[in-house]
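The structure appears right after this line, and notes come after that.
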Amino acid sequence: MSAEALDLVYLFTGRWLVQNSPADQVPSHGTTRFATSYAIDFVPVDASGRSAVFGLGSLFRPEPPEQFIGFGRSVLAPVAGVVVAVHDSATDHPAYRGLPSLGYAMTQRRRADAGWLALAGNHIMIRTGTAVVALCHLQQGSVQFQVGQTVQIGEKLGRCGNSGNSTEPHLHVQAISSLDIARADAVPIRFSGTLPPAGDIVDL
């Protein structure tokens, strides 16, 4: 990890599965668009590592986000700083697993072409030093801070949701060099000095 990596604290409690980690590959999400090269995803899971019960219906139809154990779980501030952007009005859409996930994947280019808001959904962005930390896919109406307010590490920012470019309730985290997402550079991140690979379970 680069010496210039921004060190964060984990922004949740409980068990979360790591996905799309820059510990495994860069760009972590297969693209450099919107400065996502070092972004990482965390999915809330139960003791057996599942985000929700997978039944026959999961194979064939979308599922309510409320069915997933992580929907509504608290999201905490991973860094101290000033809130520089908030979006809190996007709808939490159904989750897609099985065959529905294939159809949803086919519409991803359309969302990317629609811009940052279509991908991030509900989010909060915090400036700390020379970097901006973005926390995305939050639950509609859950963000508890406004632009200009100061946040401290560990304060509750909102709740995990399924807004934006999301197949199931999870949290997307990235750091960027400026608030201008179209021109910003991706900033490497780590958590308490380390970066977990995809497949790891973070249990706090």
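The values are calculated or read from the model by the stated rules, or taken from the named source; none is laboratory data. Just so you know, these numbers come straight off a predicted model, no measurement behind them. Cβ: placed from backbone, ideal geometry, glycine included. Neighbour counts: every protein chain shown. For the accessible areas, the whole protein counts, side chains as well, though only heavy atoms, and no ligand, DNA or RNA atoms are used. Shrake-Rupley method; radii C 1.70, N 1.55, O 1.52, S 1.80 Å.
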- Message: Rounded to the nearest 20 debye, what is the charge dipole size of the chain about its Cα centre when +1 sits on each Lys and Arg Cβ and -1 on each Asp and Glu Cβ?
- Response: 320
- Scalar couplings 3J(HN,Hα) for the stretch 75-80 by Karplus 6.51 cos²θ - 1.76 cosθ + 1.60 (θ = phi - 60°), nearest whole Hz, x for Gly and Pro, are 10, 10, 5, x, 7, 8
- Message: If I compute solvent accessible area with a 1.4 Å probe over the protein chains, what percent of it on the chain is carbon and sulfur?
- Response: 53
- Length gained, Ser48-Arg109, 0.36 nm per residue minus C-alpha separation, equals 18.7 nm
- Task: For the stretch 1-108, report the translational diffusion coefficient in µm²/s to the nearest whole number, using Stokes-Einstein at 10 °C, 1.306 mPa s, and a Kirkwood Rh over Cα pairs.
- Result: 97
- Charge context of Asp41, other residues only, Cβ under 13 angstrom, K/R +1, D/E -1: -3
- Binned at 10 Å from 0, what are the whole-percent values of the Cα-Cα distance distribution for the stretch 126-204, short to long? 15, 43, 40, 3
- Query: Hey, if you put +1 on the Cβ of every Lys and Arg and -1 on every Asp and Glu Cβ in the stretch 74-204, which of Ser166, Ser142, Val83 ends up farthest toward the positive end of that dipole?
  - Reply: Ser166
- Task: Measure off 7 Å from each Cα along the Cα-to-Cβ vector at Leu99 and Asp7, then give the distance between these two points in nanometres to one decimal.
- Result: 5.1
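Rounded to the nearest 20 Debye, what is the dipole magnitude of the stretch 15-104 about its Cα centre when Lys and Arg each give +1 and Asp and Glu each give -1 at the C-beta?
In debye, rounded to 20, the stretch 15-104 gives about 140.
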- Query: Rounded to the nearest 500 deg cm²/dmol, what is the calculated helix-only ellipticity per residue at 222 nm for the chain, with -39500 (n - 2.57) per DSSP H run of length n ≥ 4?
  - Reply: -2500 deg cm²/dmol
- Task: Name the residues whose placed amide hydrogens come within less than 5 Å of the amide hydrogen of Ala85, ignoring near sequence neighbours (fewer than 5 apart) on the same chain.
- Result: Met125
- Item | Rounded Å value of the spacing that divides the Cα centres of the stretch 8-55 and the stretch 79-105 | 13
- Message: I need the calculated FRET efficiency for the pair Leu117 and Leu56, taking r as the beta carbon distance and R₀ as 41 Å, to the nearest 0.05.
- Response: 0.75
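In nm², what is the average projected area of the convex hull enclosing the Cα atoms of the stretch 69-182?
In nm², the orientation-averaged hull projection of the stretch 69-182 is 6.9.
On average, how much accessible surface per residue is there in the stretch 1-151, in Å², for a 1.4 Å probe, leaving out ligands, DNA and RNA?
46
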- Message: Using the alpha carbons of the stretch 1-51, what is the convex hull volume per residue in cubic angstrom, as a whole number?
- Response: 103
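Calculate, in nm to one decimal, what Glu155 and Ser178 gain on full extension: separation in residues at 0.36 nm each, minus their alpha carbon distance.
Fully extending the segment from Glu155 to Ser178 adds 6.0 nm.
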